[in-house]
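Written below as structure tokens is the structure these notes are about.
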Amino acid sequence: MRSGFPLLAAQAGLHYLDSAATAQIHRDALDAVLRHETGSRANVMRGTYALADAADRAYESARGAAARFLNVAAEEIVFTSGATAALNLVAHSFGAGLQAGDRVLVSQAEHHSNFVPWLMLRERKGIALDVLPVRPDGQLDLGRLPQLLREETRLVALTQCSNVTGAITDVAAVVDAARRVGARVVLDGAQAVQHGPQDLRALGVDFYAFSGHKCFGPGGVGVLWGRAELLCTLPPFCGGGGMVGEVNLDGFSWAEAPRRFEAGTPPIAQAVGLAAALDWMMSLDWPRLRERETALCARLLDGLREIPGLRVLGSMAAEGRAPIVSFEIAGLHPHDICQVLDAHGLALRGGHHCAQPLLAALGVEACTRASLALYNDESDVAALLDGLRHAAKALR
Ligand code: PLP
């Protein structure tokens, strides 16, 4: 696996355990970007010459790859700069139809990218924001849904997988409850896509957001998926070239979706690179990879149990979660821990992980996070456990 990732192949001593922040880029994605930039680089939807035509085809074919990865139609794929931009797009375009008295439900487990846009919408529109609490094991307290979902709830915005605890949301239960009150569901898939292709038709949600850099693709590109019947009714978020039908001194008309939501020059080469990463992911044996991820996560959790003063945030079970494990060590600051680990070739993130409401619920201000991806193996986990034992001694 490691040999498919140029950075990891070049840095044999590196134990990269921060894939929840950014996964390493796969060689296929890099090659596709280089091929595009040196063979088909031109702007899209503007030129009539052969090279522009090649760029158009490459970009639209990338849309097709993203659609296959999510089991949806290509015209439902909007390229954005990332998950954050995709979620802000929903907050603006879907939010434009909301008014004071309407309600949006989010959870306390959200990344700031799926929390702050709704706080901003509340400020803009005077909507009410309801917050689904998390249980001590990091799972969303879905038992509270019937109470929190009301006739006025228009949208439920939840993460598919926590970037702190690795807890996976029971999406079917959420969709079922939301449908009872006629609410739409937007799912933040940023942490889920790295662990395999998604079947959005089966999940039954209405919008889905993810970033390319978290699923072995380039940075600067992401995807918003929205049901065709919704996208075609929503107003654009940003104005500019490409998203209009006609413009005159009195106004403008909207282009069809998805172009309506892609104002300006889109991230063309990045989308092409992302498509190569997604195609590569679709060629893998995911049941086997997930088994491997779970076994590695179990090994990590077992080892963490042995470290004095260490508390894992959320569940200690390796099954039914993503291999993202956050912890605190009594009396030690995560930044100090990460610095000691860095000296041992271990790349981990310490801090609030852009999830301050969740950390508050879990009773900490900051924590250290190890996130495993398909290129990690036993040697990474063993090095981390050694590094932590060393840090615990050195910092006390
Ligand atoms: N949602 C979740 C759950 C995340 O973990 C992240 C990034 O860490 C994001 C959204 C935002 O992703 P991006 O910064 O790529 O837009």
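The values are calculated or read from the model by the stated rules, or taken from the named source; none is laboratory data. Predicted model only: the values in this text are computed from it and were never measured. Counting neighbours? That spans all protein chains shown, and the Cβs are built from the backbone with ideal geometry, glycine included. Protein only, heavy atoms only, side chains kept; ligands, DNA and RNA dropped before computing areas. Shrake-Rupley method; radii C 1.70, N 1.55, O 1.52, S 1.80 Å.
What whole-number value in cubic angstrom gives the convex hull volume per residue for the C-alpha atoms of segment 1-125?
Details: hull volume 20.7 nm³, N = 125.
Hull volume over Cα atoms, normalised by residue count, gives 166 Å³.
Stretch His335-Asp285 to full length: gain in nm at 0.36 nm per residue minus the Cα-Cα span? If you can, show how the numbers build up before the last one.
Details: separation 50, 0.36 × 50 = 18.00 nm, distance 3.64 nm.
Between His335 and Asp285, full extension yields an extra 14.4 nm.
Compute the angle between helix 378-394 and the longest alpha-carbon principal axis of the chain, please, reported from 0 to 90 degrees and rounded to the nearest 10.
For helix 378-394, the angle is close to 60 degrees.
How far apart, in nanometres, would the label points at Ala96 and Ser3 be if each is projected 7 angstrom from Cα along the Cα-to-Cβ direction?
5.2
Report the Cα-based extents of the chain along its three principal axes, largest first, to the nearest Å.
70, 54, 35
So which trypsin sites (Lys or Arg not before Pro) in segment 90-157 pass both tests, a DSSP loop state and at most 16 other Cβ atoms within 10 Å of the Cβ?
Passing both the DSSP loop test and the Cβ count: Arg150.
Residues with beta-carbon under 13 Å from that of Tyr375, excluding Tyr375: net charge, scoring Lys, Arg +1 and Asp, Glu -1?
That works out to -2.
For the chain, which whole percent of the accessible surface, found with a 1.4 angstrom probe, sits on carbon and sulfur atoms?
Carbon plus sulfur share of accessible area: 52 percent.
If you take every residue apart from Phe115 with its C-beta less than 14 Å away from the C-beta of Phe115, what net charge results, scoring Lys and Arg +1 and Asp and Glu -1?
After counting each charged neighbour, the total is -3.
If R0 is 41 Å, what FRET efficiency do you get for Asp137 and Gln11 from their C-beta distance, rounded to 0.05?
Values: r = 36 Å, r/R0 = 0.87.
So the FRET efficiency works out to roughly 0.70.
Tell me the relative contact order for segment 28-282 as a rounded percent, counting alpha carbon contacts under 8 Å between residues six or more apart.
So the answer I get is 27 percent.
Kindly write out, for segment 350-358 in residue order, the coupling ³J(HN,Hα) from the Karplus curve 6.51 cos²θ - 1.76 cosθ + 1.60 (θ = phi - 60°), rounded to whole Hz, with x marking Gly and Pro.
x, x, 9, 6, 6, 9, 4, x, 5
Could you give the accessible area per residue of the chain, probe 1.4 Å, as a whole number in Å²?
40
Run through every distinct alpha carbon pair of segment 220-351 and return the Kirkwood hydrodynamic radius in angstroms, one decimal place.
One decimal place: 19.7 Å for the Kirkwood radius.
Tally the DSSP beta bridges in the chain and give the antiparallel ones as a percent, rounded to 5.
Antiparallel bridges: around 55 percent, rounded to the nearest 5.
Pick from Thr265, Thr153, Thr165 the residue whose mean-square fluctuation is largest in a GNM of the chain, springs joining Cα atoms under 10 Å.
Greatest mean-square fluctuation among the candidates belongs to Thr265.
Using alpha carbons only, what's the Rg to Rh ratio of segment 53-154 with Rh from Kirkwood?
A ratio of 1.08.
Which angle from 0 to 90°, rounded to the nearest 10, does the C-alpha axis of helix 83-93 make with the longest principal axis of the chain?
Approximately 40 degrees, to the nearest ten.
In segment 146-251, what GluC sites (Glu not before Pro) fall in a loop by DSSP, with at most 12 other Cβ atoms inside 10 Å?
Details: sites: Glu151, Glu152, Glu229, Glu246; in loops: Glu151, Glu152.
For GluC sites (Glu not before Pro) across segment 146-251 that sit outside H, G, I, E and B with at most 12 neighbouring Cβ atoms in 10 Å, the list reads Glu151.
Can you give the calculated 222 nm mean residue ellipticity of the chain, where each DSSP H run of n ≥ 4 adds -39,500 (n - 2.57) and the sum is split over every residue, rounded to the nearest 500 deg cm²/dmol? Working shown, then result.
Details: 14 runs with 150 residues, N = 396.
One gets -11500 deg cm²/dmol as the mean residue ellipticity at 222 nm.
Among Ser315, Ala86, Leu300, which residue has its Cα positioned farthest towards the positive end of the charge dipole of the chain, with +1 placed on the Cβ of Lys and Arg, -1 on the Cβ of Asp and Glu, and the dipole taken about the Cα centre?
Ser315
Putting +1 on Lys and Arg Cβ atoms and -1 on Asp and Glu Cβ atoms, find which of Gly251, Leu148, Ala392 reaches farthest to the positive end of the dipole of the chain.
Ala392
Tell me, what HN-Hα J-couplings in whole Hz come from the Karplus equation 6.51 cos²θ - 1.76 cosθ + 1.60 at θ = phi - 60° for each residue of segment 261-272, using x for Gly and Pro?
Working through the residues one at a time gives 9, 10, 5, x, 5, x, x, 5, 4, 5, 5, 5 Hz.
Do any GluC sites (Glu not before Pro) in segment 309-394 lie in a loop, going by DSSP, with at most 11 other beta-carbon atoms within 10 Å of their beta carbon, and if so which?
Working: sites: Glu319, Glu328, Glu365, Glu378; in loops: Glu319, Glu365.
Of the GluC sites (Glu not before Pro), the ones in loops of segment 309-394 whose Cβ has at most 11 other Cβ atoms within 10 Å are Glu319.
Counting Lys +1, Arg +1, Asp -1, Glu -1, what net charge surrounds Leu304 among other residues with beta carbon under 13 Å of its beta carbon?
Net local charge, Leu304 excluded: +1.
Could you give the dipole magnitude of the chain about its Cα centre, charging the beta-carbon of Lys and Arg +1 and that of Asp and Glu -1, in debye to the nearest 20?
Using only the charged Cβ atoms, the result is roughly 320 debye.
Please report, in debye to the nearest 20, how large the charge dipole of segment 27-107 is about its Cα centre when each Lys and Arg carries +1 at its beta carbon and each Asp and Glu carries -1 there.
Details: 8 positive and 9 negative charges, 21 e Å.
Using only the charged Cβ atoms, the result is roughly 100 debye.
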